[in-house]
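Notes to accompany the following structure.
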Amino acid sequence: MPATPLIQRILVPHDFGETAEHALHYALELAEKVGASVTVMHAYEYPVLNYPEGPAITAELVRQVHDAASAALEGIVVRSKRPAVSVTGVLRQGSTWSEILAAAGEAKADLIVIGTHGRRGLSRALLGSVAEKVVRASPCPVLTVHGPAGER
């Protein structure tokens with residue numbers, strides 16, 4: 001019989017929404033029970049504003065997006081601190097699902113705990129599913145956590 005895997009490092013992608021909060025709460029409870037650390041990460045992309053002359057992304061816009069994401073992530077990390085759990089934050093820029101996988105590799109995550117809206121049908125086809133892409137491509141186990149019933 002194979003040994004039970006040891007969970008020492010949990011990665012929790014966070015998009016600043018309620019579903020991600022549910023996943024974070026679950027990960028923190030699990031981390032307390034198994035003695036793991038938690039890395040909360042957020043990935044953002046710059047909005048592309050298309051004009052006839054080409055996309056317009058200014059240095060000011062880049063700074064504002066980064067600063068807002070950084071402040072929001074830091075707030076989550078501070079609020080999530082617990083005596084028995086080390087909580088850190090990682091901010092990344094790029095495609096959400098690929099940045100989650102890259103952050104999991106860099107953090108040597110043993111588990112990814114990710115929120116999912118549980119969409120089906122056309123809404124899932126139109127919006128895509130970050131959680132599904134992570135589940136399919138992750139080198140480590142992924143635990144999906146549904147948000148509140150009203151969000152599904």
Criterion: at pLDDT below 95 and under 16 Å from the mean Cα position of the chain (by Cα) - qualifying residue of E53, E45:
E45
For the structure I just gave you, tell me whether A109 is part of a helix (DSSP H, G or I) and modelled with pLDDT of 95 or more.
no
With the structure loaded, tell me whether A69 is surrounded by 14 or more Cβ atoms within 10 Å (Cβ to Cβ), touching a Phe, Trp or Tyr at 6+ places or on another chain (Cβ under 6 Å), at pLDDT 90 or above and closer than 24 Å to E106 by Cα or whether it fails that test.
yes
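The values are calculated or read from the model by the stated rules, or taken from the named source; none is laboratory data. Please read all numbers here as calculations on a predicted model, not as lab measurements. So basically every Cβ, Gly included, is an ideal-geometry build from the backbone, and we count neighbours across all protein chains shown.
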